[in-house]
Structure formats: structure tokens, C-alpha cells
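Chemist: Structure below; questions to follow.
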Amino acid sequence: MIKDKIYNLAGNIRTAVAGCVDNVKSKVSGKIDAVRKIPVDMELVMSAIRKNDLFRDIPTENISKMLDAMEVVTTRADQVIIREGQEGDFYYILADGNAVVSRKIAGKSEQLAVLGKGSAFGEEALISNDPRSATVTMTSNGVLARLSKEAFDLVKEPLVNWLSPREAVQKVREGATWLDVRNKNDATSEQLAGSRAIPMSELRKRLGELDKATMYVAYCENGRISSTASFLMRQSGYNVVVVRGGLRRMKAVGNKT
């Protein structure tokens with residue numbers, strides 16, 4: 001069934017000519033407007049998704065939703081796709097063409113890698129608010145499939161186990177551990193008593209510090225970052241639930257501990 005879905009996507013997927021209409025924005029979403037259909041090897045896109053550690057264990061149904069949510073854009077040689085230091089907005093798969101990855105080192109741009117057909121990049125934009133760590137520039141005309149943060153939120157939603165503030169507090173009383181995943185510059189209120197704190201931007205590197213036998217109750221200010229943390233942790237076999245609405249909701253209902 002998923003195979004039929006993949007073959008049909010080339011006709012249904014939202015498309016855009018990024019290299020030609022960079023300034024044509026949708027008033028509602030801010031995205032480049034769809035202008036025409038672009039043939040894409042969706043099996044190649046599917047393979048790239050499955051090779052990525054972030055998506056490797058996502059159920060087939062959710063992979064199908066990812067493919068549905070993807071946009072396809074054409075690019076031109078020398079076009080900068082992502083720029084070092086800027087905020088990330090999309091995860092990309094290079095469906096056709098070539099690109100280079102570079103980073104400024106001691107004030108000079110140094111080439112780090114060459115990307116070809118089937119390469120993927122930019123997934124950190126989906127799970128972190130950190131600025132891009134490198135620049136990716138096309139070296140030929142090409143085609144990219146891309147997934148936005150907003151679309152990724154819809155994909156991960158069914159994979160998150162949500163608890164009400166009251167249920168979360170009860171889980172901690174029964175032995176679960178609070179996990180504060182707010183990034184340092186996002187923390188606008190105090191930490192819950194007994195919390196383990198690992199900023200979302202560091203979570204992937206520090207997962208080994210957590211115990212797979214422990215249930216974690218992840219929280220942030222509003223639930224968005226903690227739901228992404230839950231997605232990452234569950235992919236790696238951790239037992240984690242999330243406070244719906246985060247600390248703001250807990251404060252509103254008086255369940256803060």
C-alpha cells in the first residue's frame with residue numbers, strides 16, 4: 001500500500017519553482033506558492049528518509065504522511081539553500097543535482113562535504129531552534145524535496161504520548177522523573193522540583209545519560225519542544241510522556257510542584 005502511495009505522490013505533491021519565484025510568498029503560510037508539477041523519484045526520497053536516524057523507526061503510516069506533506073522545489077546552480085547562522089525552516093532531500101556543504105573557519109569558507117542525488121540535510125531544523133551550522137549551496141540545477149517544521153509537527157503528533165498536568169504530576173509521584181528540555185534561552189520560568197535538565201539542542205548527544213528503565217515526563221514552556229524531545233527519545237527506545245500545554249498549562253491549572 002505504501003508503495004502505491006509513493007508512486008502516486010508525484011502527481012499530488014505540492015510543488016514550487018524556488019529558483020524562479022523566491023519572492024512569491026503565500027500570505028497565509030509564508031511559503032513559496034505552488035506553481036507546477038515536478039516529476040520526482042519518490043522511491044529515492046523514501047530511501048533517504050529511512051536512512052536518516054531521525055526517521056528510521058517511524059511507522060510506515062507516518063512516513064506516508066511525511067511524503068504527503070513534502071513540497072518539491074527546483075533549484076539553480078549557485079543557489080544557497082541554507083545559510084550558516086540563519087534559523088532553520090526545512091529538512092531537505094536532494095532528489096536531483098549536486099551541492100556542497102561549507103562552513104566559515106577562521107573567517108574563511110571551507111568546504112566540508114559534497115552532496116549528490118539522494119543526500120539529505122537540514123533535519124536539525126525540525127527538532128531545534130538552533131541556527132544553521134553550515135551553508136549548503138547548489139553546484140548544479142536540481143530538485144529538492146523538503147519538509148517544514150509545521151508539517152513535521154503533524155507527522156510526529158500521533159507518536160507522542162500526552163498527559164494532562166494532573167496525570168503528569170501523578171506519574172512523578174509514582175516514580176517517574178521530570179525532564180526539562182527547554183533550551184537555556186527559552187526558559188522563562190523555574191524548573192520543577194527534582195527535574196533532570198537537558199536542553200533540546202543537546203538531547204541527541206546526551207541521550208546516553210538517560211536510563212531506559214526510567215519513565216520520563218518531558219516538559220517545556222508550551223509542549224512543542226518537549227513533544228519533539230519525546231519523538232527523539234522514543235525512536236531510541238526510551239519511555240517518555242509529555243505534559244500537554246507544558247509549564248504554562250500546569251501553572252494555569254495549579255498543578256505546579
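Chemist: Listed residues Leu163, Leu154; which is surrounded by fewer than 15 Cβ atoms within 10 Å (Cβ to Cβ), in contact with a helix residue (DSSP H, G or I) (Cβ under 8 Å, 6 or more places away or on another chain) and touching a residue at least 12 places away in the same chain (Cβ under 8 Å)?
Modeler: Answer to the check: Leu154.
Chemist: Taking Ala168 as the residue in question, decide whether it is surrounded by 15 or more Cβ atoms within 10 Å (Cβ to Cβ), of a type in the set (A, V, I, L, M, F, W, C), modelled with pLDDT of 95 or more and over 20 Å from Arg56 (Cα atoms).
Modeler: Spelling it out, Ala168 is indeed surrounded by 15 or more Cβ atoms within 10 Å (Cβ to Cβ), of a type in the set (A, V, I, L, M, F, W, C), modelled with pLDDT of 95 or more and over 20 Å from Arg56 (Cα atoms).
Chemist: Give the residues of segment 98-110 that are over 15 Å from Ile82 (Cβ atoms) and either modelled with pLDDT of 95 or more or not acidic (Asp, Glu) (or both), sorted by residue number.
Modeler: Asn98, Ile105, Ala106, Gly107, Lys108
Chemist: Would you pick out the residues in segment 41-71 that are in contact with a strand residue (DSSP E or B) (Cβ under 8 Å, 6 or more places away or on another chain), over 17 Å from Glu124 (Cβ atoms) and not hydrophobic (A, V, I, L, M, F, W, C)?
Modeler: Passing the criteria: Asp41, Glu71.
Chemist: Among the acidic types (Asp, Glu), in the same structural domain as Ala213 (by TED's automatic domain parsing) and closer than 30 Å to Glu61 by Cβ, is that true of Glu124?
Modeler: no
Chemist: Something else about it: Going by what's in this entry, would Gly208 be described as buried (at least 21 other Cβ atoms within 10 Å of the Cβ) and not assigned by TED's automatic domain parsing to the domain that holds Ile127?
Modeler: Against the criterion (buried (at least 21 other Cβ atoms within 10 Å of the Cβ) and not assigned by TED's automatic domain parsing to the domain that holds Ile127), Gly208 does not qualify.
Yes/no per residue for (1) at pLDDT below 90; (2) within 15 Å of Ile93 (Cα to Cα); (3) touching a strand residue (DSSP E or B) at 6+ places or on another chain (Cβ under 8 Å):
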| residue | (1), (2), (3) |
| --- | --- |
| Leu112 | no, no, yes |
| Leu115 | no, yes, yes |
| Phe121 | no, yes, yes |
| Glu124 | yes, yes, no |
| Ser128 | yes, no, no |
| Pro131 | yes, no, yes |
| Val136 | no, yes, yes |
| Leu147 | no, yes, yes |
| Phe152 | yes, yes, yes |
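Chemist: Here are some conditions: (1) surrounded by 14 or more Cβ atoms within 10 Å (Cβ to Cβ); (2) within 17 Å of the chain's Cα centre (by Cα). Thr137 meets all but one. Which one does it not meet?
Modeler: Against the list (1) surrounded by 14 or more Cβ atoms within 10 Å (Cβ to Cβ); (2) within 17 Å of the chain's Cα centre (by Cα), Thr137 comes up short only on (2).
Chemist: When you scan segment 164-199, how many residues do you find that are in contact with a Pro (Cβ under 9 Å, 6 or more places away or on another chain), in a loop (DSSP other than H, G, I, E, B) and of a type outside the set (A, V, I, L, M)?
Modeler: Matching residues across segment 164-199 total 2.
Chemist: Now a separate question. Can you name every residue in segment 167-202 that is among the hydrophobic types (A, V, I, L, M, F, W, C), closer than 19 Å to Glu124 by Cα and touching a residue at least 40 places away in the same chain (Cβ under 8 Å)?
Modeler: Scanning segment 167-202 gives Val181, Met200.
Chemist: Considering only segment 210-231, I want to know if a residue exists there that is in a helix (DSSP H, G or I) and more than 20 Å from Asp53 (Cα to Cα).
Modeler: yes
Chemist: Still on this structure, please answer the following. Out of segment 23-66, which residues are modelled with pLDDT under 50 and either of a type in the set (S, T, N, Q) or under 19 Å from Tyr91 (Cβ atoms) (or both)?
Modeler: Once the filter is applied, which keeps residues that are modelled with pLDDT under 50 and either of a type in the set (S, T, N, Q) or under 19 Å from Tyr91 (Cβ atoms) (or both), segment 23-66 yields Asn23, Ser26, Ser29, Gly30, Lys31, Ile32, Ala34.
The values are calculated or read from the model by the stated rules, or taken from the named source; none is laboratory data. Quick caveat: nothing in here was measured; it's all calculated off a predicted structure. Cβ coordinates were reconstructed from backbone atoms using ideal geometry, including for glycine residues, and neighbour counts include every protein chain displayed.
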